[in-house]
Every structure is written in structure tokens, then in C-alpha cells.
1. Name the residues in segment 132-141 that are among the polar types (S, T, N, Q) and in a strand (DSSP E or B), would you?
2. Determine whether segment 130-138 contains at least one residue that is modelled with pLDDT under 90 and not aromatic (Phe, Trp, Tyr).
3. Which of the residues that make up segment 16-35 are surrounded by 11 or more Cβ atoms within 10 Å (Cβ to Cβ) and modelled with pLDDT under 50?
4. Any idea which residue in segment 36-90 is surrounded by the most Cβ atoms within 10 Å (Cβ to Cβ), counting only those that are modelled with pLDDT under 85 and of a type in the set (Ser, Thr, Tyr)?
5. If you check every pair at least six apart or on different chains, which have Cβ atoms under 8 Å apart with a residue in segment 24-35 that is closer than 9 Å to Gln142 by Cα first and a residue that is in a helix (DSSP H, G or I) second?
6. For segment 62-78, which positions are without any contact (Cβ under 8 Å) to a residue 60 or more places away in the chain and touching a strand residue (DSSP E or B) at 6+ places or on another chain (Cβ under 6 Å)?
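The values are calculated or read from the model by the stated rules, or taken from the named source; none is laboratory data. Quick caveat: nothing in here was measured; it's all calculated off a predicted structure. In this analysis, Cβ positions are derived from the backbone assuming ideal geometry, glycine residues included, and neighbour counts consider all displayed protein chains.
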Amino acid sequence: MIRVAPALVAFGLATAQVHADTDFCQTLSALQATAAVPEDGDVVFAFTDDTGALATCRRVLELGGARSLACNWAFAYRSDAAQAAFAALVSQVTSCRGAPLATDTPVNHPDSYDLLTFTDGISVALKDKAALQETHVILRVQG
């Protein structure tokens, strides 16, 4: 379940907008509504009760003028924690939006990449970044 970590202010993130909904589906809807608003500032929230990993959701202006939030969690390279976080996030989004509509085709470079696309402009990705020795879990929510 996505929840807010109570220590956000201590990390100097008090100016960021924070979502504290206890229900994941409500949080996802709130993120979608936030993505549609052309404001400055990032959205910060924790990933799960198990990891407490913080994500910053950056505002993205896409081609054609659409707005979205890209929420990124970094984990140790190819770690079990990254795989578990990806699986948990996919499960949570599936419980709100139904099964993924599509998976992305493989990319032609050494880093691995999995992308699941859901309804309403929502996607979940798992990306290995070998040069950084990190694996990223990314939630993209279009407004």
C-alpha cells in the first residue's frame, strides 16, 4: 500500500505535495488528478509498509500537451526488493484498474526493461540501470 512516510519534513521535503490516502485506489485517482494540474512542485510518498522506500513523482509535459507524473523508486541493482516492489505495485494497480492492457516489447540494449500498461494512462515499469548499479520501479500516471 502506498502511504506517506512520517519523516518527510525531516528530509526537507515539506514543500512538496504529499498524498496520505490510506486506500491505494484513492491515492492513484488523486495522483491522476494532480498530474492534470499545471503546477510546479513534486509529489512525494512512500511505497509500501514493507520497504518504506520514498518516491518523488516528477511532473512531465508530454508530446501533444498531456501532463503526467512519473514516480520513481531506486533499489539495489537487480535486487529481490525491486522485484517484490514491482510485483506489489502491479498487483495494486491491477486491483484498481484491472489487468494490464499490454506489455512493451524488449529493448535492444544490455539493460533490462519491463513495462505494463493499464487503462487511463497508467503504466508500471521495472528498469535495470547497469551503469548506475540500480533497478528502478516507475509508476507513470497521466492526468
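1. Thr135
2. We begin by selecting, within segment 130-138, every residue modelled with pLDDT under 90; these are 130-131.
Subsequent filtering for residues that are not aromatic (Phe, Trp, Tyr) retains 130-131.
There is at least one residue in segment 130-138 that is modelled with pLDDT under 90 and not aromatic (Phe, Trp, Tyr).
3. Within segment 16-35, Ala16, Gln17, Val18, His19, Ala20, Asp21 qualify.
4. The qualifying residue surrounded by the most Cβ atoms within 10 Å (Cβ to Cβ) is Thr48.
5. Correct list of pairs: Gln32/Asp120; Gln32/Gly121.
6. Start the filter on segment 62-78 by keeping residues that are without any contact (Cβ under 8 Å) to a residue 60 or more places away in the chain, which leaves 63-65, 76-78.
Those that are without any contact (Cβ under 8 Å) to a residue 60 or more places away in the chain and touching a strand residue (DSSP E or B) at 6+ places or on another chain (Cβ under 6 Å): Tyr77, Arg78.
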